[in-house]
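Written below as C-alpha cells is the structure these notes are about.
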Amino acid sequence: MTQQQGRIDLHTHSNVSDGAMTPAEVVRHAKEKGLAAIALTDHDSMDGVPEAMAVGRAMGVEVVPGIEFSVQSDTETHILGYYVDHEHPGIREMIGRQLAMRDERMEETEQLLQGLGFDVTLEEARALAPGGIVGRAHFARVMVNKGLIGSVKEAFDRYLGTGRPAFSGRQALTAREAIHLIRDAGGLSFVAHPQKIELPDAELVVFLRELKAEGLCGLEGYYSEYTPEMTEKFQRMARELGLEISGGTDFHGSMKPHIEIGSGMGNLCIPYTVLARIKELRGCPA
C-alpha cells in the first residue's frame, strides 16, 4: 500500500493543548496505527507543530500543520485550520487572546463545578496539563481520578458538554474572524463536528452558506461521534453547498480514552483521498 492509499486522521491533539501525549508521541502513535497522515490541530495553539512535523518527516508520517479555534456561539462551534503558518503574526496574536479567554473560561468552569458540589479545583486540572493549556477534559479527568464520576465521557455528557450545567461558552473570536485569520495565514478553514452547533438542518445550511461567503472551505465529513446517517448527511450537505470535507477522530490520548487515533470509537476509516483533495484545493504538491 502506498502512502496515498493509506488512512488518515485530520483532527488530533497533543498535550500542548489538552491531549495527554507530546506532539512527537502523537506522531509515533499514528505510525504504530498505520496512518499515512495526520493533522495536529491543538486547541488555540500551534506550539507543537514544529516538533510533530520534524518527527513525521523522520518516521514517514505526513503531518499537516493545523489548529482548532473555539469561536463565539450559543452552543459549541469550532473552526479547524489546515496548512496554517504557525509563525504568522496574526495567528500568534490571536492565540494569545484565545488563551487569555480560555483562562477565564476555565475559572468559570471551576466555579460552576464547585457550585454543583464537586470538590475540584483549577489547580488540580492544571496539574494534568503538561502543556500548560487547561481544557474541560482535564476537569473531567480530575473528577474521574477522585471517584466523582465514572468516566470522562460521562463527565461531558452530564456536566461539561454543550448546554450542560458546568459548560462555559466564553470565546474571544467569531467564526468569521477565525476564517479570515486562517486564510490570511495561508490556511484552509473547516467547521469541526457540526452536530455540536445544535442547529436544525435548515438553519445549519444557512449558517454554513454564510460562512462560505466569508471564505469557509469545508466541514468535517468524518468524525468519531457520527452515526452512519450523520456521516451521509454532512457529506451530502457539503456537496450541495459546494464545500469540501475533512475528517478526524478528535483524538486526545488518555484524556478521552474512548477515542483512538485513526479509528475513533473503532469503526472510523478516513481515506487519503480526503487529504489529497484538500491539498489540491490549496495547490500543494501530491
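State whether the residues of segment 159-170 include one that is closer than 18 Å to S70 by Cβ, more than 16 Å from the chain's Cα centre (by Cα) and among the polar types (S, T, N, Q).
Yes.
Checking the condition touching a Phe, Trp or Tyr at 6+ places or on another chain (Cβ under 7 Å) and without any contact (Cβ under 8 Å) to a residue 24 or more places away in the chain, which residue from T227, T231 passes? Show your work before the answer.
Details: T227 fails: touching a Phe, Trp or Tyr at 6+ places or on another chain (Cβ under 7 Å).
So the residue among T227, T231 that is touching a Phe, Trp or Tyr at 6+ places or on another chain (Cβ under 7 Å) and without any contact (Cβ under 8 Å) to a residue 24 or more places away in the chain is T231.
How do the pairs read when you match residues in segment 188-216 that are free of Cβ contacts under 8 Å to residues at least 60 places away in the same chain with residues anywhere that are open to solvent by 70 Å² or more (accessible area, probe 1.4 Å), using Cβ under 7 Å and keeping only pairs 6 or more apart or on different chains?
Matching pairs, first to second residue: E214/R176; G215/R183.
Of all residues in segment 27-49, which are open to solvent by 30 Å² or more (accessible area, probe 1.4 Å) and over 18 Å from the mean Cα position of the chain (by Cα)?
R28, K31, E32, K33, G34
Looking at segment 243-258, which of the residues that are modelled with pLDDT under 95 and not in a helix (DSSP H, G or I) is least open to solvent (accessible area, probe 1.4 Å)? Lay out the reasoning, then the answer.
Step one: filter segment 243-258 for residues modelled with pLDDT under 95, giving 252-258.
Imposing the further condition that a residue be not in a helix (DSSP H, G or I) reduces the set to 252, 256-258.
Values: H252: 2, K256: 29, P257: 90, H258: 63 Å².
That would be H252.
Can you find a residue in segment 186-205 that is aromatic (F, W, Y) and farther than 16 Å from G66 by Cβ? Before you say what the answer is, go through the steps one by one.
Quick first cut of segment 186-205, residues aromatic (F, W, Y) only: 190.
Keeping just the survivors that are farther than 16 Å from G66 by Cβ gives none.
No: segment 186-205 contains no residue that is aromatic (F, W, Y) and farther than 16 Å from G66 by Cβ.
Suppose we keep only residues that are open to solvent by less than 20 Å² (accessible area, probe 1.4 Å) and in a helix (DSSP H, G or I) within segment 97-121. Which one would you say is farthest from S168 (Cα to Cα)? Show your work before the answer.
Initial filter on segment 97-121 (open to solvent by less than 20 Å² (accessible area, probe 1.4 Å)): 98, 102, 105-106, 109, 113, 120.
Still in the list and also in a helix (DSSP H, G or I): 98, 102, 105-106, 109, 113.
Details: Q98: 14, R102: 10, R105: 6, M106: 8, T109: 6, L113: 11 Å.
Residue satisfying both the conditions and the ranking: Q98.
Run down A24, A36, A20 and say which single residue is out of contact with any Gly (no Cβ under 8 Å at 6 or more places or on another chain) and of a type outside the set (S, T, N, Q). It would help to see each step written out before you state the result.
On the way: A36 fails: out of contact with any Gly (no Cβ under 8 Å at 6 or more places or on another chain); A20 fails: out of contact with any Gly (no Cβ under 8 Å at 6 or more places or on another chain).
Every option except A24 fails the conditions.
Can you tell me how many residues within segment 267-286 are part of a loop (DSSP other than H, G, I, E, B), in contact with a strand residue (DSSP E or B) (Cβ under 7 Å, 6 or more places away or on another chain) and either at pLDDT below 95 or aliphatic (A, V, I, L, M) (or both)?
Within segment 267-286, the first condition is being part of a loop (DSSP other than H, G, I, E, B), and the residues that meet it are 267-269, 283-286.
The next check asks that each one be in contact with a strand residue (DSSP E or B) (Cβ under 7 Å, 6 or more places away or on another chain); those that pass are 268-269.
Still in the list and also either at pLDDT below 95 or aliphatic (A, V, I, L, M) (or both): 268.
Of the residues in that region, 1 qualify.
Would you mind finding the one in R164, R158 that is among the charged types (D, E, K, R), on the phi < 0 side of the Ramachandran plot, surrounded by fewer than 22 Cβ atoms within 10 Å (Cβ to Cβ) and modelled with pLDDT of 95 or more? Working first, answer last.
Details: R164 fails: modelled with pLDDT of 95 or more.
Only one candidate qualifies: R158.
Please find, among E203, E232, E240, E210, the residue that is farther than 21 Å from A175 by Cβ, assigned to a helix (DSSP H, G or I) and open to solvent by 10 Å² or more (accessible area, probe 1.4 Å). Spell out how you get there, then give the answer.
Working: E203 fails: farther than 21 Å from A175 by Cβ; E240 fails: farther than 21 Å from A175 by Cβ; E210 fails: farther than 21 Å from A175 by Cβ.
After ruling out the rest, the residue left standing is E232.
Which residue out of E177, E280, E220 is buried (at least 22 other Cβ atoms within 10 Å of the Cβ) and among the charged types (D, E, K, R)?
Details: E177 fails: buried (at least 22 other Cβ atoms within 10 Å of the Cβ); E280 fails: buried (at least 22 other Cβ atoms within 10 Å of the Cβ).
Testing whether each residue is buried (at least 22 other Cβ atoms within 10 Å of the Cβ) and among the charged types (D, E, K, R) leaves just E220.
The values are calculated or read from the model by the stated rules, or taken from the named source; none is laboratory data. Predicted, not measured: the structure shown is a model, and the values here were computed from it. Here Cβ is always computed from backbone atoms with ideal geometry, including for glycine, and neighbour counts include all displayed protein chains. Areas reflect the complete protein model, heavy atoms only, side chains present, ligands, DNA and RNA absent. Shrake-Rupley method; radii C 1.70, N 1.55, O 1.52, S 1.80 Å.
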